[in-house]
Amino acid sequence: MTVQIVVDPPAELRVDGQAFGNGRVTGGAMQLVPGSHTFTLTLPGFPERTIVRDVTPDSTAISLTLEVGMLTVMVDPTRSPPGGVAFLDGRELGPVPLVRRKVPAGEHLLTVRWPGLDTPTSG
């Protein structure tokens, strides 16, 4: 049966271990038999992601999404005082924990500052 595959953002895709297309793809039509299939997405600079999806006789499309450009900052409350604020490249992002904040691609300096402490934590 023919299933439409949608890849966002464009990435290298392997379906059940076999390359789909040549390099980065946005998707396309593919013949798949009903059952469980493994989709592996690779995008330079990001960890490889494997997604398992079941294809049924009613399946017409499969959407595969990589979460890129999202930043989450968590701190250990047993080791960090309350009130920490995250900064990216010197610009304030907001209080920590910070969950799924969209950031531009590339290398950045992340700093967390706590009130009353002179030394920030950077990474």
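Proximity of backbone amide H atoms, modeled 1.01 Å from N, is registered between ALA11 and VAL25 at under 5 Å, excluding neighbours fewer than 5 places apart on the same chain.
Gap in Å between the Cα centre of region 1-25 and the Cα centre of region 56-71? Cα centroid to Cα centroid, the span is 11 Å.
Listed values for region 71-82 are Karplus-derived 3J(HN,Hα) couplings in whole Hz (6.51 cos²θ - 1.76 cosθ + 1.60, θ = phi - 60°), namely 10, 10, 10, 10, 10, 7, x, 7, 10, 10, x, x, and x replaces Gly and Pro. Placing +1 on the Cβ of every Lys and Arg and -1 on the Cβ of every Asp and Glu, with nothing else charged, gives region 13-85 a dipole about its Cα centre of roughly 180 debye. Assuming charge only on the beta carbon of Lys and Arg (+1) and of Asp and Glu (-1), the dipole of the chain about its Cα centre is about 180 debye to the nearest 20. Each listed q (0.22, 0.24, 0.28 Å⁻¹) maps to a log10 I(q)/I(0) for region 41-94 from the Debye sum over equal C-alpha point scatterers, namely -0.97, -1.03, -1.15.
What the Cβ-Cβ distance of THR60 and GLU107 gives, at R0 = 41 Å and to the nearest 0.05, is a FRET efficiency of 0.55. Report the calculated FRET efficiency for THR38 and MET70 (r = Cβ-Cβ distance, R0 = 22 Å), to the nearest 0.05. According to the calculation, E is roughly 0.40.
Each value in this text was obtained by applying a stated rule to the coordinates, not by laboratory testing. Just so it is clear, the structure is predicted and the values come from calculations on it, not from any experiment. Quick reminder, even Gly has a Cβ in these numbers, built from the backbone with ideal geometry, and neighbours come from all protein chains shown.
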